[in-house]
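To start, the structure itself, in structure tokens.
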Amino acid sequence: MSLAKADELYDKRDWNAAIYAYRGCIEMDVVKTDDDKTNAYFSLGVAYGHAGDIPESLKWFDKVVAVGVSNFHTMQALAKRSSLYRERKQYALALFDITRAIRETDSPAAKCRYLTSRADLFRDMKLSELEIADLLAIGEKDTVSAGVVNRIEALQKTIESGAASDANTLSAKFKEMKDIHSAEMKAVTAELKATSDTLRTTQDAFAALQKRVSELEKLLAAVANEKTHRVGIVSGTGTGGSGSGGSEGSAVTEPHPP
């Protein structure tokens, strides 16, 4: 299987046969130089895309870029991959690829095509000013067609007519945000006041509890002192009674004189 035969099938748009031929060349190690690799990989990406296998198409476009050379097929792979990302609404990836293609291509005609593609991407992203900028840049590289001129004029009118509407919308949005902010601040202030009142009530209750504890401590101390005093009194009375009773006993048992 030769790369030339695979290219022939590609040119005939026989996508399944071309896929088989290119993969055969890769497996048989016929594809050796960087240019041959980017050619085969790019053609496989396009063929798989026409066959409806988008994930496989992206895979081969990735391989083209991974070769690391800046040639025609690499720029085309970036543009094709950007287009697939755009269809998937993966706008950041699409913008990265097409911008790189615009920056690195050496072909003025290719740059115009890529600028048009990026303008279409900006249209999808609703970035009219950037869309106009790319369309105007096309005029610096090549003759601007009547279609591009009409597109620029239509965009400018849309932007001008929408400016007042946008201003009114922004003003209304600002007022809405201000009202929401004011309401939120009032709610926060009320919540802070309620928290402060709760804290003050808690502090008053804690102070009253401390006072009650202090009173109880004093009462317990007084009870303890009273108990000690009474025990002392009782102990002293008991000793005196025993002595007195002893004397009286001696007098009773003493014999009378004759």
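The values are calculated or read from the model by the stated rules, or taken from the named source; none is laboratory data. Remember, predicted model here, so these are calculated numbers, not experimental data. A quick note on method: Cβ atoms are made from the backbone with ideal geometry, for glycine too, and the neighbour counts reach across all protein chains shown.
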If we scan segment 17-32, do we find a residue that is in contact with a helix residue (DSSP H, G or I) (Cβ under 8 Å, 6 or more places away or on another chain), loosely packed, with under 14 Cβ neighbours inside 10 Å and part of a helix (DSSP H, G or I)?
no
Taking segment 97-122 and keeping residues within 28 Å of the chain's Cα centre (by Cα), more than 19 Å from Gly45 (Cα to Cα) and not charged (D, E, K, R) leaves Thr99, Leu121, Phe122
Criterion first (modelled with pLDDT under 90, farther than 11 Å from Ala79 by Cα and not small (Gly, Ala, Ser)) does Leu121 satisfy it?
no
Report, by residue number, each residue of segment 1-16 that is more than 15 Å from Gly49 (Cα to Cα) and either part of a loop (DSSP other than H, G, I, E, B) or aliphatic (A, V, I, L, M) (or both).
Met1, Ser2, Leu3, Ala4, Ala6, Leu9, Lys12
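Residue under question is Leu78, and the condition is that it be among the hydrophobic types (A, V, I, L, M, F, W, C), at negative phi, in a helix (DSSP H, G or I) and out of contact with any Asp or Glu (no Cβ under 7 Å at 6 or more places or on another chain); does it hold?
Considered against the rule, which asks whether it is among the hydrophobic types (A, V, I, L, M, F, W, C), at negative phi, in a helix (DSSP H, G or I) and out of contact with any Asp or Glu (no Cβ under 7 Å at 6 or more places or on another chain), Leu78 comes out as no.
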Give me the pairs, please: first residue somewhere in segment 51-64 and under 17 Å from Ala18 (Cα atoms), second residue anywhere and loosely packed, with under 14 Cβ neighbours inside 10 Å and not acidic (Asp, Glu), beta-carbon distance under 7 Å, and either six or more positions apart or on two chains.
Ala51/Asn16
Only one of Gly49, Gly68 is over 17 Å from Ala119 (Cα atoms) and surrounded by fewer than 18 Cβ atoms within 10 Å (Cβ to Cβ). Can you tell me which?
Gly68
Identify, please: which residue in segment 52-65 is acidic (Asp, Glu) and assigned to a helix (DSSP H, G or I) and is, among those, surrounded by the most Cβ atoms within 10 Å (Cβ to Cβ)?
Glu56
Name every residue in segment 100-112 that is in a helix (DSSP H, G or I) and buried (at least 17 other Cβ atoms within 10 Å of the Cβ), in order of residue number.
Arg100, Ala101, Ile102, Ala110, Lys111, Cys112
